[in-house]
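A short write-up of the structure that comes next.
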Amino acid sequence: MRTQVAIIGAGPSGLLLGQLLHKAGIDAVILERQTGDYVLGRIRAGVLEQVTIDLLDEAGVGQRMHQEGLVHGGFDMLFKGERHRIDMNKLTGGKNVMVYGQTEVTRDLMQARTAAGLTTIYEAANVAVHDFDSAKPRVTYEKDGQQHEITCDFIAGCDGFHGVCRASAPRNAIKEFEKVYPFGWLGVLSDTPPVHEELIYVNSPRGFALCSQRSETRSRYYLQVTLTDKVEQWSDQAFWDELKLRLDPEARAKLVTGPSIEKSIAPLRSFVTEPLRFGRMFLAGDAGHIVPPTGAKGLNLAATDVKYLSNAIIEFYQDKSEAGIDSYSERCLKRIWRAERFSWWFTSLMHNFPENGAIGQKLQEAELDYIIHSEAGARSVAENYVGLPLDFGQ
């Protein structure tokens, strides 16, 4: 098989790249080792920055998002038992975020791809990338017991943290930066109305909590837990009881509990790969970087990677220019490191670090107190949370 771009990974970054390239008349084949149902079943992020909203509109898949997504102009920060609102809309000159689950973004992109009759190969086993340091890259895979090969001009590695693309980069040409946090997030999804119309970020001596949502009838809640905790240790009742202990009295009284429809523990890490280009192979999304979910940056960073990459590939074919390809890694990494900094800072501010002792909690509370009483402090949080402009500092 021959195509212009071979995309490894059918998550939102791979699907979005395929859609943007299709709109520009560029042929791409997507390979995915899992089934489509498995990809759709992954419970992930739910907060979209304005840049991501605009990008989904550009890709022609934003209609349902605008119908069903929940526009948020702010969020609450709870500490010392009291809530304080960060008015993002006011502090950023009218910018908002939208609550719309990653699962729904993936579904919209899948449906658009199917409707356009584009090729996605699911259950592709033993995917391998070859000759990406040449002008004729290849991808091989197995399907239904048969060996297949795709020749292409470019390979896009959208295959996640454990994918084959980053693992195939030459070790002497790659640097990896990582911080592993000493806790995880226990997440529960439930068909219950959200406790509040906007998100609540909680700093508590008992640990961090987050009250989030996917719709007006589906809620997503998180608790900071130790890395040794297991999902099996947490009954639904134990989860709700602990969440109540971390909330303020008003939220505690309004909390509607119910059976979980999904429950999992996710470790937290900050991770960046440099560079993101290896000849004719590019890394995008989780293949190149991971952020702790505190700042809601993971899906949004993946989307902006894809925006830079699609622009570069379109420029290559339409203008016969390699300028965008040559600058892809540098441009992405500038934005990635800014988001990594914010996610690390917000995680460090809101979570309990037992090794820091009582003084650590007091210092966090003092910084939170400064943020809510300083317009400059609140604006810094707001402008990072809604997402910096694509051309920021370029």
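The values are calculated or read from the model by the stated rules, or taken from the named source; none is laboratory data. Values in this document were obtained by computation on a predicted structure and should not be read as measured data. A quick note on method: Cβ atoms are made from the backbone with ideal geometry, for glycine too, and the neighbour counts reach across all protein chains shown.
Quick look at the values:
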| read-out | value |
| --- | --- |
| Contacts under 7 angstrom Cβ, first residue in segment 242-256 being β-branched (V, I, T), partner assigned to a loop (DSSP other than H, G, I, E, B), 6 or more apart | V256/T192; V256/P193 |
| Residue check, E216 within 25 Å of E68 (Cα to Cα), surrounded by fewer than 21 Cβ atoms within 10 Å (Cβ to Cβ) and touching a Gly at 6+ places or on another chain (Cβ under 7 Å) | no |
| Residues (in contact with a strand residue (DSSP E or B) (Cβ under 6 Å, 6 or more places away or on another chain) and either more than 20 Å from Q4 (Cα to Cα) or among the acidic types (D, E) (or both)) located in segment 132-160 | E142, E149, D159 |
| Test: I8 is under 25 Å from K297 (Cβ atoms), touching an Asp or Glu at 6+ places or on another chain (Cβ under 8 Å), surrounded by fewer than 20 Cβ atoms within 10 Å (Cβ to Cβ) and not polar (S, T, N, Q) | no |
| Selected residue [in contact (Cβ under 8 Å) with a residue 24 or more places away in the chain and out of contact with any Asp or Glu (no Cβ under 7 Å at 6 or more places or on another chain)] from D87, D54 | D87 |
| Selection count, segment 116-131, where residues are touching a strand residue (DSSP E or B) at 6+ places or on another chain (Cβ under 6 Å) and on the phi > 0 side of the Ramachandran plot | 2 |
| Neighbours by Cβ (under 7 Å, 6+ apart or cross-chain): first from segment 361-384, under 16 Å from G74 (Cα atoms); second loosely packed, with under 14 Cβ neighbours inside 10 Å | G377/Y370 |
| Output for segment 297-328, where each listed residue is surrounded by fewer than 24 Cβ atoms within 10 Å (Cβ to Cβ) and part of a loop (DSSP other than H, G, I, E, B) | K320, S321, E322 |
| Options L78, L40, L70; residue that is under 23 Å from W185 (Cβ atoms) and over 20 Å from the mean Cα position of the chain (by Cα) | L78 |
| Neighbours by Cβ (under 9 Å, 6+ apart or cross-chain): first from segment 134-145, over 15 Å from S168 (Cα atoms) and without any contact (Cβ under 8 Å) to a residue 24 or more places away in the chain; second of a type in the set (A, V, I, L, M) and surrounded by 14 or more Cβ atoms within 10 Å (Cβ to Cβ) | E142/A124; E142/V127; K143/I121; K143/A124 |
| Qualifying residues in segment 16-44 (those that are part of a loop (DSSP other than H, G, I, E, B) and among the basic types (K, R)) - the one modelled with the lowest pLDDT | R44 |
